[in-house]
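Since the structure comes first, as structure tokens, the remarks are kept for the end.
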Amino acid sequence: MAGNNSRILLGHGSGGSLTHELIDNLFVKHFNNPELDKQTDAALLKIPHKQLAFTTDAFVVDPIFFPGGDIGKLAICGTVNDIAVSGAKPLYLSAAFIIEEGFPMEDLERIVISMAEEAKKAGVSIVTGDTKVVNKDKCDKVFITTTGIGALEEKYVNISEGNEIRPGDKILINGSIGDHGMAIMSARNELKLSAPLLSDCASLNGLIANITKASDKVHFMRDATRGGLATVISELSTNRSYGINIDEEQLLIDEAVRGMCELLGFDPMYVANEGKVVVVVAGEDAEIVLKAMQKHEFGEDSRIIGEFVGDHPGKAWLNTIIGGNRIIDMLAGEQLPRIC
């Protein structure tokens, strides 16, 4: 905890003694590692490969604490996953905080501890960052921006673009869909549910390492965040010479999530996830990859949900439980704002 101040003051962003106190007694204390401890303007990093994966993301989730996580955990998981789905090994993160004057120091420390714990689990280091304090009511509590760097081996450079996908490839996902979005909606509206909803927020680099070790025929990976599974599937089919068939019967949806979606008029396929990866793999290796995913704690409920076909090029179809089919389109507009 920084000094005797129980709340963030404008002075904590001044660059003076309060700023240094905050950095030393909170951020360096919990994020400590050899690179960060030097406290230079730019962290000097050792990267083991010539190819880098580089990403950045901002987190403005409301509420900042929710069942299954908080804005800090979410910031680490979201950035780690963006690196990992490219086929790279996440190594280093930066973290920039915009904090509202008057924000409780106790809550800030809770967020920082959550970030430190998740970074440790994911095997990444938070090596640099920044803190700004704005006047009260000029931002909503705290916003966090994280940037990540990962090492990318040459054999994985095509995974991000999916340019090796072909008909016959299978589509897998590592569990239920819509958990994060509905958990946020439940917490935001303080809904009293008999079966509490938990966010699926998780760092997936360990699971993804299992996937890439199991097969050298992984053709694409993407985490299904804003816009949900449907948006990933729609992006994969748009302007392509192949089509996609998704089997609705294979989609796993928690009953509490399904019930809330029906109540509020949401389609679970378009609801955000923060711990789900969509994997495309050559058909002959699909079962091998599936078994590798199921051996990991975040992949126990993995399943094959669809495939790429030569029919209806440029379109994704959902084969429904009742025997029909419908086109899977891109999400139009913002379904749930400030979910990440």
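Write down the Å³ per residue value for the convex hull defined by the alpha carbon atoms of segment 10-156. Walk me through the intermediate numbers first.
Numbers: hull volume 15.1 nm³, N = 147.
That works out to 103 Å³ per residue.
Of all beta bridges that DSSP places with both ends in the chain, some 75 percent have antiparallel geometry. Rounded if a/c is under 1.5, else prolate if a/b beats b/c, else oblate: with a ≥ b ≥ c from the C-alpha gyration tensor eigenvalues square-rooted, which is segment 170-327? Oblate.
Which value, in debye to the nearest 20, describes the size of the charge dipole of segment 299-340 about its Cα centre when Lys and Arg Cβ atoms bear +1, Asp and Glu Cβ atoms bear -1, and nothing else is charged?
That gives segment 299-340 a dipole magnitude of about 140 debye.
In segment 175-190, whose amide N lies under 15 Å from the spot 7 Å out along Cα-to-Cβ of residue 117? List them in ranges. What the label zone holds, given the 15 Å backbone N cut-off, is no residue at all.
Taking the number of Cβ atoms within 10 Å of each Cβ as an exposure proxy, the fewest-first ranking of 40, 146, 131, 79 is 40, 131, 146, 79.
I want the antiparallel fraction of DSSP beta bridges within segment 10-156, as a percent rounded to 5. If we restrict to bridges inside segment 10-156, about 70 percent are antiparallel. Evaluating kT/(6 pi eta Rh) at 37 °C and 0.692 mPa s, with the Kirkwood radius of the chain over Cα pairs in the Stokes-Einstein relation, gives 156 µm² s⁻¹. The charge dipole of segment 170-327, taken about its Cα centre with unit charges on the Cβ of Lys, Arg, Asp and Glu (plus for the first two, minus for the last two), comes to roughly 320 debye.
Here 12, 20 are placed in order of increasing Cβ neighbour count within 10 Å, fewest first, which gives 20, 12.
By other beta-carbon atoms within 10 Å, ranking 14, 125, 160 with the fewest at the front produces 14, 160, 125. Charges were assigned to the Cβ only: +1 to each Lys and Arg, -1 to each Asp and Glu. The resulting dipole of the chain about its Cα centre is roughly 440 debye. Full extension of the chain between residue 58 and residue 263 yields a length gain of 70.8 nm, computed as 0.36 nm times the residue separation minus the alpha carbon distance. Full extension of the chain between residue 29 and residue 294 yields a length gain of 91.8 nm, computed as 0.36 nm times the residue separation minus the alpha carbon distance.
Amide hydrogen proximity for residue 169: with H placed 1.01 Å from N in the peptide plane, the residues at 5 or more positions away or on another chain lying under 5 Å are 283, 308. Taking the charge dipole of segment 170-327 about its Cα centre, with +1 at Lys and Arg Cβ atoms and -1 at Asp and Glu Cβ atoms, the residue from 198, 266, 239 reaching farthest to the positive side is 239.
Counting pairs of alpha carbon atoms under 8 Å apart in space and at least six apart in sequence, what relative contact order in percent does segment 10-156 give? Contact order relative to length: 39 percent. When both segment 263-340 and segment 126-182 are represented by their alpha-carbon centers, they are found 17 Å apart. Does segment 241-340 come out rounded, prolate or oblate by the C-alpha gyration tensor, with a ≥ b ≥ c the root eigenvalues, rounded set by a/c under 1.5 and, if not, prolate when a/b is larger than b/c and oblate if not? Since a/c reaches 1.5 but b/c is at least a/b, the shape of segment 241-340 is classed as oblate.
Between their Cα atoms, which of 121/295; 89/291; 38/138; 50/155; 89/213 are more than 24 Å away from each other? Beyond 24 Å: 38/138.
Looking at the square roots a ≥ b ≥ c of the eigenvalues of the Cα gyration tensor of segment 69-196, which shape do they give, rounded for a/c under 1.5, prolate if a/b is larger than b/c, or oblate? Verdict is oblate for segment 69-196. Restricting the GluC sites (Glu not before Pro) of segment 122-191 to loop positions (DSSP other than H, G, I, E, B) with no more than 12 neighbouring Cβ atoms within 10 Å leaves 161, 190.
Across segment 130-288, C-alpha contacts under 8 Å between residues 6 or more apart give a mean separation that, scaled by the residue count, equals a relative contact order of 40 percent.
Suppose the chain between residue 49 and residue 160 were pulled fully straight at 0.36 nm per residue; how much longer would it get relative to their current alpha carbon spacing?
Going from the current span to full extension adds 38.2 nm.
With a Förster radius of 41 Å, plug the Cβ-Cβ distance of residue 322 and residue 188 into 1/(1 + (r/R0)^6) and report the FRET value to the nearest 0.05.
Result of the calculation: an efficiency of 0.80.
Every number in this text was worked out from the coordinates using simple rules, so none of it is lab data. Here the structure is a predicted model, which is why all the values come from computation and not from measurement. Positions of Cβ are backbone-derived with ideal geometry, glycine not excepted, and every protein chain shown enters the neighbour counts.
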